[in-house]
Amino acid sequence: MEKTRQPIIAILGHVDHGKTSLLDHVRSLGNESRSSVMDREAGGITQHIGATEVPAKILNDLCGPLLGGKTFDSPGLLFIDTPGHQSFSTLRSRGGALADIAILIVDISEGCKPQTIESLRILKESKTPFVLAANKVDRIHGWNTERNRAMAFSIRNQTKEAIGIFDEKYWKLIGQLAEHGFNVERYDKVKDFTKEIALVPISAKEGEGVQDLLAVVIGLAERYLSDKLTDIEGLGEGTVLEVKEERGLGKTLDVILHRGSIKKGDEIVLVTNDGGISTRVKGMFSPRGMSEMRDAGNRWDDTDVVNAASGVKISAVNLEGVLAGTTLRVVNSEKERKIAIESANKESDLSIELNDDGVCIKSDTVGGLEALAKELQNIGVPIRTASIGRVSRKDVRSVDNAQNPLHRIIMAFSTDILVDAQNEINESEKNIKFINSDIIYRILEEYEEWVDIRNKEIEEENREDIVYPGRIRLLPDHTFRASKPAVVGVRVIGGKIHIGQKLLKDGVRIGRIKSIRSGQESMKESDQGSEVAVSIEGVTIGRQIEEGDELLVDVPESHARKLVKMDLTATEKEILDELMIIHRKDNHFWGR
């Protein structure tokens, strides 16, 4: 077989369905095992994209019992690890998805969740082949789990009761996926992998079924992606996963090389906030054995040449401002440099729709920023500014000038705020909110909570200024003065009354409230249920109004427009509707 590169595998799925557990198990295979990353990651959810290489020898040893003596042609598998709430669609390779194949992991008991559906949509759009891993079979009541056992053998050793529960959950999941247009079949019953999506039951925690999953993934890659996997010659192209400081090396890049090769001394073009730049590779390092790139510590091997597909750490000069999640391109001539710089310039323009008024978002990577932007745009939140890095005074001033009070918020994913920016927030009188987290769905939850609270605060502020509709009844035997002004006892039987409000009788304006008193106390307003004395200008009791009359308390048209949008009581709404009918006899558009 022609020389090939190892397939790049992405693992997707809903939060807590087992992505990190599966990767942890994969990383523990063979003799060169590593410790769990679960405790290190925020909330147990992986937040930054890493890479793990599993050599062919380990895969052949593991999957041997299922292959009947056959071996894989692939040199191994390279796993990329996507953040819990970020789609791998933000990682691009020549306009397509970086991954060759994806594993979509689903909790067999919980079934399809919002992030599962989102992952399915992304996979469909990017035309990325994928395998379903139905995880947590070990939690099925009565399921007999054996560590690292193949699922082909496990299913034969379960009780009828356990298989019955499994089948019930399995068919429910199959039905959910069918609703979204996916034809799914259990992996050992698939007849045509181009027409059916293979589902492999697994326990990522115990490793049961993991060898079946890996065997299906490699089989698919070798059978259907053979042309794509021969793309190992020529100029190197990769995706920058992370830009970080390393002791003794300075700024470095963690890169997935998905095309061609790269060697020491090569000229490379990178993407920064200000567009494309070029520099030269000073040093290259590969993680030793089964080490995951971020956890390699001192387990780095110096290397002169790296071929796709591989994870590699690169040191070079002038790496300030390089954006994570963007493309690295190797160039060998002036013409290639010019083309690469043009591509990098286009890539530096974030594909985020900005508005004249909206919120401010920040992240430490391009992928993170685009993922947060996408989630906000899905729920209709406009974005005014979006940029990489820590929150600055410039960001604070941007939201300070927002017209809409609900846009005076800064949301930061996996990045922090500078001290002077925090001080500016503290000193602002505009109620600016700052939210930051390493988990996007927590940012969204906190944002929605803040919006609810802020809406109530704004409503309370508005209620203080707005004139409310009301209804009063003149009490019998409570006339204290007949006119100039009339002073009479009233009961507020609906809504509120305010000083200065005009009164209507049978739809006709007849006077205005000059003052409100309760005993010796003067009041600005009085609520439903209270009995107070009011002085009314412009009327005489016994002529325009009589004891026992009910009068409507009018509102200005501009206030009526605001009241329609507010959370009124049923009585207030009834009075407002009555006022609308009265005024619209003369002006059809009154209060609209």
Quick one: would you say E242 is in contact with a helix residue (DSSP H, G or I) (Cβ under 9 Å, 6 or more places away or on another chain) and not hydrophobic (A, V, I, L, M, F, W, C)?
yes
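Filter the range 5-57 for residues that are among the small types (G, A, S), over 18 Å from G76 (Cα atoms) and either part of a loop (DSSP other than H, G, I, E, B) or modelled with pLDDT under 80 (or both) and give the result. Show your work before the answer.
Filtering the range 5-57 down to residues among the small types (G, A, S) leaves 10, 13, 18, 21, 28, 30, 33, 35-36, 42-44, 50-51, 56.
This time we only want the ones that are over 18 Å from G76 (Cα atoms), so: 13, 18, 21, 35-36, 42-44.
If the condition is that a residue be among the small types (G, A, S), over 18 Å from G76 (Cα atoms) and either part of a loop (DSSP other than H, G, I, E, B) or modelled with pLDDT under 80 (or both), then G18, S35, S36, A42, G43, G44 are the ones that fit.
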Report every pair of residues separated by at least 6 positions or lying on different chains whose Cβ atoms are under 8 Å apart, first residue within the range 203-217 and outside the structural domain of F153 (by TED's automatic domain parsing) and among the charged types (D, E, K, R), second surrounded by fewer than 24 Cβ atoms within 10 Å (Cβ to Cβ) and outside any loop (DSSP other than H, G, I, E, B).
none
Condition set more than 24 Å from the chain's Cα centre (by Cα) and not in a helix (DSSP H, G or I), scope the range 386-412, selection surrounded by the most Cβ atoms within 10 Å (Cβ to Cβ): answer is N401
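This table checks each residue for (1) in a helix (DSSP H, G or I); (2) more than 28 Å from the chain's Cα centre (by Cα).
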position: Q115; (1), (2): yes, no
position: E146; (1), (2): no, yes
position: R149; (1), (2): no, yes
position: D188; (1), (2): yes, yes
position: D192; (1), (2): no, yes
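How about the range 422-502: which strands (runs of 3 or more DSSP E) wholly inside it have at least 1 residues that are among the charged types (D, E, K, R) and touching a residue at least 40 places away in the same chain (Cβ under 8 Å)?
Details: elements: 433-437, 470-481, 486-498.
Per the criteria, 470-481, 486-498.
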I want to confirm something. Restricting to the range 413-445 and keeping residues that are surrounded by 17 or more Cβ atoms within 10 Å (Cβ to Cβ) and acidic (D, E), which single residue is farthest from G368 (Cα to Cα)?
E424
For the range 323-350, give me the residue count where each residue is surrounded by fewer than 22 Cβ atoms within 10 Å (Cβ to Cβ) and at pLDDT 90 or above.
13
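Would you mind stating whether K562 is modelled with pLDDT of 85 or more, assigned by TED's automatic domain parsing to the domain that holds R491 and among the basic types (K, R)? Write out each step before concluding.
On the way: modelled with pLDDT of 85 or more: no; assigned by TED's automatic domain parsing to the domain that holds R491: yes; among the basic types (K, R): yes.
Considered against the rule, which asks whether it is modelled with pLDDT of 85 or more, assigned by TED's automatic domain parsing to the domain that holds R491 and among the basic types (K, R), K562 comes out as no.
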Has the range 162-175 got at least one residue that is assigned to a strand (DSSP E or B) and touching a residue at least 12 places away in the same chain (Cβ under 8 Å)?
no
For residues that are touching a strand residue (DSSP E or B) at 6+ places or on another chain (Cβ under 7 Å), of a type outside the set (V, I, T) and buried (at least 16 other Cβ atoms within 10 Å of the Cβ), scanning just the range 144-165, find the one that is farthest from S109 (Cα to Cα).
R149
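Of all residues being more than 22 Å from Q403 (Cα to Cα) and surrounded by fewer than 23 Cβ atoms within 10 Å (Cβ to Cβ) in the range 351-370, which is farthest from the chain's Cα centre (by Cα)? Just the residue, please. I'd like the intermediate steps shown before the answer.
Initially, the range 351-370 is screened for residues more than 22 Å from Q403 (Cα to Cα), giving 351, 363-370.
This time we only want the ones that are surrounded by fewer than 23 Cβ atoms within 10 Å (Cβ to Cβ), so: 351, 370.
Details: S351: 16, E370: 9 Å.
Of everything passing the filter in the range 351-370, S351 is farthest from the chain's Cα centre (by Cα).
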Quick count over the range 368-422, residues being more than 15 Å from N436 (Cα to Cα) and among the aliphatic types (A, V, I, L, M), is 6
From V532, V539, residue being of a type in the set (A, V, I, L, M), free of Cβ contacts under 8 Å to residues at least 60 places away in the same chain, surrounded by 19 or more Cβ atoms within 10 Å (Cβ to Cβ) and part of a loop (DSSP other than H, G, I, E, B)
V539
Is it true that R442 is modelled with pLDDT under 90 and either touching a strand residue (DSSP E or B) at 6+ places or on another chain (Cβ under 8 Å) or more than 14 Å from I361 (Cα to Cα) (or both)?
yes
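The values are calculated or read from the model by the stated rules, or taken from the named source; none is laboratory data. Note that the structure is predicted; figures quoted are calculated from it, not measured. So basically every Cβ, Gly included, is an ideal-geometry build from the backbone, and we count neighbours across all protein chains shown.
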